[in-house]
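First up is the structure itself, then whatever we jot down about it.
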Amino acid sequence: MYGKRLTLVPLTAAHADVLFPFLADTGLWTYTDESAPAGVDALRERYRRLETRRSPDGSQLWLNWALETRDEGFAGLVQATVAVLRDEAAVAYVIARRFWSRGLGTEAVGMLLEFLREQLRVTKAVASVDGRNVPSVRLLRRLGFEETNDSDLTNLRFELRLTDP
């Protein structure tokens, strides 16, 4: 998929070598339940599993893309987990710190949402974000996501209808 400044490239095990350096930045994982990958080999193996594009039981589509900028190499990842029997997708993203505050996350997630709506006919996207991660909250709101719970600041849920009611 092609955007103004980015190309979304289907994620493969080969991307582990170019993505590991910025994913190893522990500061990226401050507001998540995940942590930096243990090493490039572990990341490569994880990406190899994700290359199947489907959960082992077949109940979910695993859609993952690396974000390649026009001039500066790889900038991050976007992903969607789509339940096969539902029309809902959970979306997530990670942007390398050197690319923060440049609108690349908004562009990439916007491209992902368009793909989900146009190609897969997904009607609702959801995202979970730590409310202390103000830039991430702003990104979701900028794209039209609405907060559906505020009882747990560390796990805010956002939803976006992708089709008209």
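Contact order, relative form, for region 6-161: 19 percent (alpha carbon pairs under 8 Å, 6 or more residues apart, mean separation divided by residue count). Taking LEU28, LEU140, LEU85 as the candidate residues, the one with maximal mean-square fluctuation in a Gaussian network model of the chain, Cα springs under 10 Å, is LEU85. Restricting the trypsin sites (Lys or Arg not before Pro) of region 84-162 to loop positions (DSSP other than H, G, I, E, B) with no more than 15 neighbouring Cβ atoms within 10 Å leaves ARG86, ARG102, ARG121, ARG132. Note on region 59-103: with charges restricted to the Cβ of Lys and Arg (+1) and Asp and Glu (-1), its dipole about the Cα centre is near 180 debye. One Cα centroid belongs to region 3-30, the other to region 37-104; the line between them spans 8 Å. Would you look at the GNM of the chain, springs on alpha carbons closer than 10 Å, and say which of THR106, THR81, THR26 moves the most? Checking each option, the largest mean-square fluctuation is seen for THR26. Placing unit charges on the Cβ atoms only, positive for Lys and Arg and negative for Asp and Glu, gives the chain a dipole magnitude near 320 debye about its Cα centre. Computed FRET efficiency, Cβ-Cβ of TRP62 and ALA24, R0 22 Å: what is it to the nearest 0.05? It comes out at approximately 0.50. Once the Kirkwood radius over Cα pairs is known for the chain, the Stokes-Einstein relation at 25 °C and 0.890 mPa s delivers a diffusion coefficient of 151 µm²/s.
Calculated mean residue ellipticity at 222 nm for the chain: -8500 deg cm²/dmol, from DSSP H runs with n ≥ 4 weighted as -39500 (n - 2.57), summed, divided by the residue count and rounded to 500.
Between the listed residues PHE22, ALA127, GLN60, the Cα displaced farthest toward the positive end of the dipole of the chain, a dipole computed from Cβ unit charges relative to the Cα centre, is found at PHE22. Evaluated at q = 0.12, 0.16, 0.26 Å⁻¹, a Debye calculation over the C-alpha positions of region 1-70 (equal weights, vacuum) places log10 I(q)/I(0) at -0.37, -0.65, -1.18.
Each value in this text was obtained by applying a stated rule to the coordinates, not by laboratory testing. Keep in mind that this is a model prediction, so the values were computed, not measured. Every residue, glycine among them, receives a Cβ derived from its backbone with ideal geometry; neighbour counts consider all protein chains shown.
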